[in-house]
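Nothing in this text is a laboratory measurement; each read-out follows from the coordinates by a stated rule. In this text the structure is predicted, and so the values were computed from the model without any measurement.
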Amino acid sequence: MAVRRSGGGTDNDMRKRVFLLTAFFVFSFFSISTALAQVQVRMRVIQASNVGQNIDPSLKDVHHELGSLFSFTSYRLLREETLRLSPNQPVTITAHPGRFLEVNLVGLQKDAAKLRVRVIREGKDILDTQVRLSPGRTVLIGGPRHGEGVVIYALSARF
């Protein structure tokens, strides 16, 4: 037998309303927090070549990784940008003349951000990859030829 409350509803009706209201607020909270989630990405565009043996002083934090992954003798910073990424809202920058770099936050977890990185030249993708960035870590991506060497993209994130 259901107990009627003075407002005309039963205890079961009240429980259903409380449950639905709670579920709505929980869902809304997670939807809003995901929509507001932002990742700050430090993007460095590096020219690597075998001309000379110069290492740009601003690259000293990644010099060891560059040397262990790539066989070049010279590394020079071409450009550095701080990107603020929101889910599924690509950010495009000019990487170097005639080439654009598009970075898109496609996934975010507590310990990692998943980014899609594209290099576009003359309207065509010349590089299209996804990387998983952990806070405080740097990911290096070997890119297209540039001058007497190649371009390397260094990405690191804070969130």
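Within the straight-line cut-off of under 26 Å between alpha carbons, the lysines reachable from residue 60 are 114, sequence neighbours fewer than 8 places apart in one chain being disregarded. Summarising the amide proton neighbourhood of residue 127: residues at separation of 5 or more, or on other chains, whose placed amide H is nearer than 5 Å comprise 119.
Amide H contacts for residue 72 (H built 1.01 Å from N in the peptide plane; partners 5 or more residues away or on another chain; cut-off under 5 Å): none found.
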